[in-house]
Amino acid sequence: MGDIIDFKPKRNLQVDVELEGVDEQLLLECAIVEMWEKLGGYEVDNDKFLYHVWFLQFSDLCFQAMEDKRFNVSEDGEISIDANLLAAFKESIDGFKAESATNDNRTD
């Protein structure tokens, strides 16, 4: 029976931030950083400039997805993200990591 049922991946991740005194914008930014970490963004091995440019692009995509209601952050810090979007983010970061590994032009 398990081979016929299409199991959907879990869509929620918990953001580890203290919410007291945190404004809404900071909560969204913390959720993006948490998502970046959980998808392996910290493992990107490239020069600092390209790393930061890539993170800014990722952040922009996250904010766009929030506007489209495909990436949501609740007041209690829970992230809900469309499974297809999550897979696309993961694939994109993995691709960038692979490309970075073959690029030996780092300036650190």
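Of note:
- Scanning the range 29-56 for residues that are aromatic (Phe, Trp, Tyr) and within 14 Å of Glu99 (Cβ to Cβ) gives Tyr51, Trp54.
- Subset of the range 15-53 that is hydrophobic (A, V, I, L, M, F, W, C), under 15 Å from Asp94 (Cα atoms) and not in a helix (DSSP H, G or I) - its residue that is modelled with the highest pLDDT: Leu39
- Residues satisfying the stated conditions in the range 41-80, i.e. touching a Lys or Arg at 6+ places or on another chain (Cβ under 6 Å) and buried (at least 16 other Cβ atoms within 10 Å of the Cβ): Val44
- Residue in the range 34-53 that is within 19 Å of Glu24 (Cα to Cα) and of a type in the set (A, V, I, L, M, F, W, C) present: yes
The values are calculated or read from the model by the stated rules, or taken from the named source; none is laboratory data. Values in this document were obtained by computation on a predicted structure and should not be read as measured data. Here Cβ is always computed from backbone atoms with ideal geometry, including for glycine, and neighbour counts include all displayed protein chains.
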